[in-house]
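What follows is a set of notes on a single structure, which appears directly below.
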Amino acid sequence: MPFRHPRPGDVVRAGDITLQILGPERCYHGTDSDPNNDSLVFRALDDGGSVLFPGDAEQDSQGDVLHDEGGSLRAEVLKVAHHGGDTSLPEFVATVRAVVAVVSVGPNRYGHPVPSVLAALARDGMQVYRTDRSGDVTVAFTPQGLEVATVTSKAISVPEP
């Protein structure tokens, strides 16, 4: 089977999960942008909810996705871009309107996650979970709503706004 790079608008189905490819709309070359902008940006959906995965996409790519999607980035869960680094557009994050934000991060020399990013996520009404503090984070969509469990805590129901 030939290798094919997914493009915005592509839809991939795997069992009950649907992946909507949102970006990048192009490959970022040379000095015009950080290579992190080549990260695949997609939304995973099932009958119970949705999760937005922006990879390490930074402002250039996020701006393209925001423009192309016309603000339809809504997801109940946001896997925070670039380990919580200060590389996201505030309007991109706010447009998602997530209830839960997961920051996948470990020890690093970059200072990730950045305190201002964590504060913005909380200000936007998200419950923030960090893998460096909570270990693995599991999110389940149940008939009763979102349920979050971590290595350090039992499952917690998260009320939807």
Among the residues that make up the stretch 15-38, is at least one of them modelled with pLDDT under 95, hydrophobic (A, V, I, L, M, F, W, C), in a loop (DSSP other than H, G, I, E, B) and touching a strand residue (DSSP E or B) at 6+ places or on another chain (Cβ under 9 Å)?
no
Can you pull out the residues in the stretch 1-39 that are buried (at least 17 other Cβ atoms within 10 Å of the Cβ), within 17 Å of the chain's Cα centre (by Cα) and not charged (D, E, K, R)?
8, 19, 20, 21, 22, 23, 24, 36, 37, 39
Which is under 27 Å from residue 17 (Cα atoms), among the charged types (D, E, K, R), assigned to a helix (DSSP H, G or I) and touching a helix residue (DSSP H, G or I) at 6+ places or on another chain (Cβ under 9 Å), of 60, 56, 68, 64?
64
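The values are calculated or read from the model by the stated rules, or taken from the named source; none is laboratory data. For clarity, every value in this text was computed on a predicted model and none was experimentally measured. Cβ: placed from backbone, ideal geometry, glycine included. Neighbour counts: every protein chain shown.
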